[in-house]
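Input: a single structure, listed below in structure tokens.
The values are calculated or read from the model by the stated rules, or taken from the named source; none is laboratory data. Predicted, not measured: the structure shown is a model, and the values here were computed from it. Using ideal geometry, Cβ is built from the backbone for each residue, glycine included, and neighbour counts are taken over all protein chains shown. Note: accessible area is taken over every heavy atom of the protein model, side chains too, but ligands, DNA and RNA are not part of it. Shrake-Rupley method; radii C 1.70, N 1.55, O 1.52, S 1.80 Å.
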Amino acid sequence: MKKFFIGIVVLVALGAAFISCSSVKSGIHADIIGFNDEVYTYYEFFDLAEDAERISKNKESKVAKLIYSIPNGKNTAEYYAMDIALDRIAEIAKDADENSRASYYLILLTDGLDNVSVEMAKRNGKGKYRNDDEYASYLQKRMETILDKKKSKPNSQNVFQAYPLMIYGSDLVESDLSEDDCKEILRKLAGAQNTFVPDPIVDESTDEILEQFKSTFVVSSFSFEVPKGYVGKTIRMEFSCKDKYNKYHKVYVNADFECQTKKKKETYLLKNITCSDMKLNFDQKNLLQIVADEDYDSSGNLVSFTFSNIKYDGQPSTAYSPSQSYNLNGYDPNGTGKYVKNSEYTEKHNRKTDSYILFVLDTSESLGSDGRKVANDTAIQIIRYVQDQLSQR
């Protein structure tokens with residue numbers, strides 16, 4: 001554990017094959033930071049699948065134990081804590097394999113407004129800011145390119161998002177600031193690279209915060225594998241897309257699977273992409289062709305592709321594939337082709353991306369002992385929810 005002056009931040013980091021201070025692993029991992037008037041970093045690189053298995057065997061969760069061990073303190077150093085968190089994200093992204101496909105998430109849960117970060121940043125060499133708004137603007141701008149290793153070479157294949165959540169506690173209820181006022185203040189702590197920027201969530205009820213988060217958090221990219229034996233056939237991906245009313249719609253995406261060989265190098269492509277529902281959109285939809293991911297195993301039998309920034313009816317949407325089918329006789333443009341289901345390629349067998357999540361938790365004394373317990377439990381529930389969603393990708 002490292003101690004960074006003021007503020008306790010809980011950074012829950014779900015990560016994979018890209019960390020310098022831990023052995024290289026794939027999967028979903030977590031680190032923790034906590035903040036009040038001191039910032040503590042717990043870079044344990046928790047394997048969340050292992051932690052879930054411990055819980056299933058009635059053993060104590062290592063993540064929960066650590067969250068409950070973070071001490072309380074006065075003041076709220078959320079901007080400084082976010083700054084430290086972004087340092088961590090940048091470090092891990094820098095050490096990532098050049099062709100790794102990873103998702104990075106930073107989740108902040110606080111119950112108040114910052115009151116010490118500007119002074120802390122100045123004192124600790126993190127920058128000189130005239131006020132909180134200027135510091136927040138710097139953090140927001142930084143999040144737009146946080147994954148880039150070089151300015152001349154932007155990172156376009158990995159995803160980063162920052163979700164700011166606020167418990168509208170007693171101090172805020174008795175102040176002149178409404179929930180909408182707090183949302184606007186938090187808005188600069190929401191950020192993203194290569195995907196959508198989440199809206200801040202502010203509510204008195206932690207149960208409501210959890211439910212709103214579940215509705216907001218979507219894994220809006222989808223990676224899947226196609227057997228090389230399907231070359232020359234049309235594949236069909238079946239998606240279940242959630243709309244703004246939380247209703248699901250079945251949508252089919254068809255594409256011709258082809259292989260081109262040039263100078264003994266094989267390039268796998270998806271061409272003639274069509275959708276059964278025009279409300280479904282993703283970055284690659286209108287391209288003439290989609291090239292296979294660079295990091296697929298060239299010596300293996302499968303080729304991987306990714307649809308990114310998936311939206312349904314203009315809203316970011318979770319999408320999954322319960323079936324992958326192909327047409328033995330080629331694609332029929334009149335819709336009379338008969339597709340054969342391949343149950344071996346369900347959503348649980350899709351190629352998974354590596355994930356790293358930072359959860360920033362406020363443990364200031366304004367929460368009170370009961371409020372601190374509720375905040376801890378909410379953080380743990382959010383972590384488990386995110387881990388469950390990512391494990392299905």
Just checking, does the range 126-144 include any residue being open to solvent by 70 Å² or more (accessible area, probe 1.4 Å) and within 19 Å of the chain's Cα centre (by Cα)? yes
So which strands (runs of 3 or more DSSP E) are wholly in the range 217-296 and hold at least 1 residues that are farther than 26 Å from Q193 by Cα? 222-227, 234-242, 248-262, 265-275
Counting only residues that are among the charged types (D, E, K, R), touching a residue at least 12 places away in the same chain (Cβ under 8 Å) and either surrounded by fewer than 21 Cβ atoms within 10 Å (Cβ to Cβ) or out of contact with any Ser or Thr (no Cβ under 7 Å at 6 or more places or on another chain) (or both), the range 209-267 contains a total of 12
So which residues in the range 282-301 are open to solvent by 50 Å² or more (accessible area, probe 1.4 Å) and at pLDDT 85 or above, if there are any at all? Q289, V291, N301
Any residue in the range 131-141 that is in a loop (DSSP other than H, G, I, E, B) and in contact with a Leu (Cβ under 8 Å, 6 or more places away or on another chain)? no
Conditions first: (1) of a type in the set (A, V, I, L, M); (2) open to solvent by 10 Å² or more (accessible area, probe 1.4 Å); (3) in contact (Cβ under 8 Å) with a residue 24 or more places away in the chain; (4) closer than 16 Å to D388 by Cα. V63 passes all but one, so which condition is the exception? (2)
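Answer yes or no: is there a residue in the range 182-193 that is open to solvent by 20 Å² or more (accessible area, probe 1.4 Å), in contact (Cβ under 8 Å) with a residue 60 or more places away in the chain and over 30 Å from C275 (Cα atoms).
yes
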Would you please list the contacts, defined by Cβ atoms under 8 Å and residues six or more apart or on different chains, that run from a residue in the range 78-97 that is under 14 Å from N155 (Cα atoms) to a residue that is of a type in the set (K, R) and outside any helix (DSSP H, G or I)? A93/K149; K94/K149
Taking P164 as meeting all but one of (1) out of contact with any Pro (no Cβ under 7 Å at 6 or more places or on another chain); (2) open to solvent by less than 30 Å² (accessible area, probe 1.4 Å), write down the number of the exception. (1)
Matching residues in the range 351-366 - criterion: being in contact with a strand residue (DSSP E or B) (Cβ under 6 Å, 6 or more places away or on another chain) and surrounded by fewer than 20 Cβ atoms within 10 Å (Cβ to Cβ): R351
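So that you can scan it fast, the table gives a plain yes or no per residue for (1) open to solvent by 10 Å² or more (accessible area, probe 1.4 Å); (2) under 22 Å from Q157 (Cβ atoms); (3) within 18 Å of the chain's Cα centre (by Cα); (4) at pLDDT below 90:
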{"residue": "K2", "(1), (2), (3), (4)": "yes, no, no, yes"}
{"residue": "A16", "(1), (2), (3), (4)": "no, yes, yes, yes"}
{"residue": "K57", "(1), (2), (3), (4)": "yes, no, no, no"}
{"residue": "S69", "(1), (2), (3), (4)": "yes, no, no, no"}
In the set K188, K150, K242, the lone residue that is within 28 Å of I89 (Cβ to Cβ), touching a strand residue (DSSP E or B) at 6+ places or on another chain (Cβ under 7 Å) and of a type in the set (K, R) is K242
Candidate set from the range 367-392 (those that are under 27 Å from F222 (Cα atoms) and crowded, with 21+ Cβ neighbours inside 10 Å); member that is modelled with the lowest pLDDT: L390
Which of the residues belonging to the range 98-120 are free of Cβ contacts under 8 Å to residues at least 40 places away in the same chain and farther than 11 Å from D362 by Cα? E98, V118, E119
